[in-house]
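A short worksheet on the structure shown next.
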Amino acid sequence: MLDVQGLSGVIDGGIHRMPIRVYYAETDAGGVVYHANYLAFAERARTEWLRILGEGQVPLGQDGSFAFVVRHCTLDYQAPARLGDLLEVVTEVKAIGGASVTVEQRVQRDRHTLVTIVLRLVCIDGEFRAIRVPDRLRAALGAYLPIESP
């Protein structure tokens with residue numbers, strides 16, 4: 001039997017951390033990670049983060065199903081990742097709106113940030129209409145919001 005316990009990463013102190021190894025298919029001819037692959041790394045980490053929170057993805061259209069779509073995204077590239085690197089994608093909740101969640105994701109190598117990605121995700125139903133973030137997920141994510149000092 002395959003042990004998949006660590007594949008989803010861990011949530012520690014309200015931050016989701018997931019390891020990713022850079023494979024040949026994710027690099028250019030120079031062995032450097034192709035820029036668009038950072039978005040794929042971030043998507044994979046968000047999927048596993050939601051899985052840990054009990055919200056594994058199901059096809060849209062099923063009863064009670066929802067999905068997050070990217071409404072806005074910014075990337076700040078600071079340093080390259082290379083073939084064979086062991087990276088970590090760090091995901092933090094920054095804000096929760098009625099139908100949206102803002103997250104910051106950092107792709108790191110040895111705790112040094114290579115790329116910072118800030119996303120505004122919108123929750124949609126099977127008809128691709130924006131819907132309120134489900135209460136069960138709102139409660140789970142709310143526990144990870146940073147506490148603002150007065």
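For the pair residue 79 and residue 43, the difference between a 0.36 nm per residue extended length and the Cα-Cα distance amounts to 11.0 nm.
Taking the Cα atoms only, what angle lies between the long axis of helix 37-52 and the longest principal axis of the chain, rounded to 10 degrees? For 37-52 against the chain, the angle is about 50 degrees. Taking θ as phi - 60° and the Karplus parameters 6.51, -1.76 and 1.60, the scalar couplings of segment 96-112 work out to 10, x, x, 10, 9, 9, 9, 10, 10, 10, 10, 9, 10, 10, 6, 6, 9 Hz in sequence order, x denoting glycine and proline. Residues whose amide H comes within less than 5 Å of that of residue 20, counting only those at least five positions distant or on another chain, are 87, 88, 89 (H built at 1.01 Å from N in the peptide plane).
Of the peptides 103-111, 42-50, the order by per-residue mean of other Cβ atoms within 10 Å, starting with the highest, comes out as 42-50, 103-111.
Structural descriptor for segment 9-142: relative contact order 27 percent, calculated from alpha carbon pairs under 8 angstrom and at least 6 residues apart.
Fully extending the segment from residue 129 to residue 145 would add 3.2 nm, taking 0.36 nm per residue of separation and subtracting the current Cα-Cα distance. Give the label of the value calculated from the structure for Cα extents along the principal axes in Å, choosing from (1) 45, 45, 33; (2) 48, 27, 27; (3) 194, 30, 18. Correct label is (1). In the chain, the calculated helix contribution to ellipticity at 222 nm averages -5000 deg cm²/dmol per residue, counting -39,500 (n - 2.57) for every DSSP H run with n ≥ 4.
Computed from the coordinates by the stated procedures, all read-outs in this text should not be read as laboratory data. Keep in mind the model is a prediction, meaning the values are calculated, not measured. Heads up, the Cβs are rebuilt from the backbone with ideal geometry, glycines too, and the neighbour counts pull from every protein chain shown.
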